[in-house]
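Peer 1: The structure that follows is given in the form of structure tokens.
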Amino acid sequence: MGLVKPPVVELSGLVASRTQPVLYAHNDSGDSARFFALSAVDGALLQTFTVTGATNVDWEDIALGPCPMGTCLYLGDIGDNRRARTNYAVYRVPEPLVQAGADVAAVAGERLPYAFPGGARHNAEALLADPTSGRLYLLTKEDVGAPSLLFRFPAELATDSPATLELVATLPVPASGDLQLTGADVSPCGDAVLVRLYNRLLLFTVPEGGGLEDAFAAAFTEVPVAREPQGEAVAFSADGRAYFTASEALGADPALFRAACR
């Protein structure tokens with residue numbers, strides 16, 4: 001695919017719309033509270049959205065799933081490199097109608113605060129939304145040599161009090177020799193999860209009748225991924241038959257890569 005032009009300069013999160021030929025993306029920390037609609041055909045920037053009532057402390061991933069308003073984007077302010085934050089949050093935004101060539105549009109965001117059990121602090125760069133229930137999950141980014149953890153959000157989320165997450169799985173990755181976990185996405189029908197490490201891309205299968213957490217109890221498959229410096233973002237296509245990846249590396253226009261997976 002083509003290059004993504006500024007203002008997409010440090011692409012960290014990526015997810016595909018299910019109803020529009022669009023990929024939603026955002027920059028990492030240091031940017032304002034905004035996200036972008038990119039063409040799923042050639043990666044061209046279509047529209048920019050600013051999220052009112054939000055701040056970008058360390059946005060790391062974006063997910064899409066059902067919500068009380070229909071379909072929502074979930075922007076994960078989940079990064080914590082120093083493990084010192086006390087203000088973790090996810091911003092929920094109804095999926096907008098993208099209008100190519102339109103001016104910057106403002107969308108209202110709901111801030112959904114959360115906390116880890118026992119007041120623990122974790123760095124994270126992967127946010128998942130169950131495509132059926134809308135339940136949110138978070139994958140931590142641990143130090144090299146330590147497995148990542150999967151936390152589940154409560155079914156009901158509030159804007160006025162932090163939701164306490166539940167630890168539901170310890171991943172078999174990163175394995176010995178692997179680099180850190182930097183992104184993930186769920187297939188549109190919820191039967192698979194792509195997990196991005198700096199050095200490889202893995203496909204986990206959700207067992208029939210199981211939840212997302214059950215995918216990590218079974219063997220995984222390594223799938224092709226482009227050689228990307230500081231590769232972070234990954235997203236299934238709208239039909240689940242392909243996936244997109246992108247690098248977060250600064251200093252050049254990030255390229256979007258597409259690969260068939262089914």
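Peer 1: For residues in segment 1-37 being open to solvent by 10 Å² or more (accessible area, probe 1.4 Å) and assigned to a strand (DSSP E or B), which is farthest from residue 127 (Cα to Cα)?
Peer 2: 3
Peer 1: Here's a follow-up. When the residues of segment 145-178 are filtered to those that are hydrophobic (A, V, I, L, M, F, W, C), at pLDDT 95 or above and closer than 18 Å to residue 203 by Cβ, which remaining residue is nearest to the chain's Cα centre (by Cα)?
Peer 2: Here the residue is 150.
Okay, residues lined up against (1) at pLDDT 90 or above; (2) open to solvent by 10 Å² or more (accessible area, probe 1.4 Å):
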site	(1), (2)
187	yes, no
191	yes, yes
201	yes, no
205	yes, yes
211	yes, yes
217	yes, yes
248	no, no
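Peer 1: Taking segment 98-125, which residues are in contact with a Leu (Cβ under 6 Å, 6 or more places away or on another chain) and more than 16 Å from residue 153 (Cα to Cα)?
Peer 2: Once the filter is applied, which keeps residues that are in contact with a Leu (Cβ under 6 Å, 6 or more places away or on another chain) and more than 16 Å from residue 153 (Cα to Cα), segment 98-125 yields 98, 100.
Peer 1: Which of the numbered conditions does residue 40 fail, given that it passes all the others? Conditions: (1) of a type in the set (A, V, I, L, M, F, W, C); (2) surrounded by fewer than 19 Cβ atoms within 10 Å (Cβ to Cβ); (3) at pLDDT below 95.
Peer 2: If we test residue 40 against (1) of a type in the set (A, V, I, L, M, F, W, C); (2) surrounded by fewer than 19 Cβ atoms within 10 Å (Cβ to Cβ); (3) at pLDDT below 95, just (2) comes out false.
Peer 1: Quick one: residue 213 ticks every box in (1) over 17 Å from the mean Cα position of the chain (by Cα); (2) outside any strand (DSSP E or B); (3) not small (Gly, Ala, Ser) except a single one, so which number is it?
Peer 2: (1)
Peer 1: How many residues does segment 71-106 hold that are of a type in the set (A, V, I, L, M, F, W, C) and surrounded by fewer than 18 Cβ atoms within 10 Å (Cβ to Cβ)?
Peer 2: Here the count works out to 7.
Peer 1: I'm trying to understand the selection: among the residues of segment 215-227, which are touching a residue at least 24 places away in the same chain (Cβ under 8 Å) and farther than 21 Å from residue 243 by Cα?
Peer 2: 217
Peer 1: State whether one or more residues within segment 31-51 are under 27 Å from residue 155 (Cβ atoms), in contact (Cβ under 8 Å) with a residue 24 or more places away in the chain, out of contact with any Cys (no Cβ under 8 Å at 6 or more places or on another chain) and not hydrophobic (A, V, I, L, M, F, W, C).
Peer 2: There is no residue in segment 31-51 that is under 27 Å from residue 155 (Cβ atoms), in contact (Cβ under 8 Å) with a residue 24 or more places away in the chain, out of contact with any Cys (no Cβ under 8 Å at 6 or more places or on another chain) and not hydrophobic (A, V, I, L, M, F, W, C).
Peer 1: Residue under question is residue 256, and the condition is that it be part of a strand (DSSP E or B), hydrophobic (A, V, I, L, M, F, W, C) and either open to solvent by 10 Å² or more (accessible area, probe 1.4 Å) or at pLDDT 95 or above (or both); does it hold?
Peer 2: Criteria not met by residue 256.
Peer 1: Select from segment 143-164 the residues that are closer than 19 Å to residue 89 by Cα and either in contact (Cβ under 8 Å) with a residue 24 or more places away in the chain or in contact with a helix residue (DSSP H, G or I) (Cβ under 8 Å, 6 or more places away or on another chain) (or both) and list them in ascending order.
Peer 2: 149, 150, 151, 152, 153, 157, 158, 159, 161, 162, 163, 164
The values are calculated or read from the model by the stated rules, or taken from the named source; none is laboratory data. No experiment lies behind these values; they were computed from the predicted model shown. In this analysis, Cβ positions are derived from the backbone assuming ideal geometry, glycine residues included, and neighbour counts consider all displayed protein chains. Ligands, DNA and RNA are stripped out before the accessible areas are found, and what is left, the full protein with its side chains, is counted by its heavy atoms. Shrake-Rupley method; radii C 1.70, N 1.55, O 1.52, S 1.80 Å.
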